[in-house]
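To start, the structure itself, in structure tokens.
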Amino acid sequence: MPRKKKLVVGDKAAVRFLGGIEECTVIEVMKDKSYKMRMRTGTIIPNCFWKQDAHKKAAWYIEEYLGKDIGVKSPEIHSTKEHTTDKKQLKDEIKKQQDFIRGKHKKG
């Protein structure tokens with residue numbers, strides 16, 4: 001894919017890093033047309049420019065845009081309503097916990 005003018009957080013790009021090409025994700029957009037990138041290994045690359053904008057002796061630069069990083073979505077619908085505790089039961093449990101902290105815990 002050709003150069004994309006402005007990357008946003010979460011975009012993937014091919015970055016040339018010390019001679020090799022690595023797939024990285026944008027984690028921060030800087031003011032001066034540079035990006036903070038994270039490799040799959042967790043290494044963070046600061047001040048990463050597009051190849052055309054990079055300095056002559058830059059050790060890393062963005063070669064191409066690879067697409068948007070899509071997070072994994074859960075197919076299950078999480079309903080909190082069925083997993084909540086009744087208010088009366090919750091008050092009783094808090095009272096028991098306070099009694100335990102104060103040393104008034106009853107055995108049995």
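The values are calculated or read from the model by the stated rules, or taken from the named source; none is laboratory data. This is a predicted model, so every value here is computed, not measured. So basically every Cβ, Gly included, is an ideal-geometry build from the backbone, and we count neighbours across all protein chains shown.
Below are the figures for this structure:
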{"quantity": "Residues (buried (at least 16 other Cβ atoms within 10 Å of the Cβ) and among the β-branched types (Val, Ile, Thr)) located in the stretch 15-46", "calculated": "15, 25, 26, 45"}
{"quantity": "Near pairs, Cβ below 6 angstrom, 6+ apart or cross-chain, from the stretch 33-57 (under 16 Å from residue 21 (Cα atoms)) to any residue that is surrounded by fewer than 13 Cβ atoms within 10 Å (Cβ to Cβ) and aliphatic (A, V, I, L, M)", "calculated": "38/44"}
{"quantity": "Residue ranges of strands (runs of 3 or more DSSP E) in the stretch 1-88 with at least 1 members among the β-branched types (Val, Ile, Thr) and at pLDDT 85 or above", "calculated": "11-17, 20-29, 44-48, 60-68"}
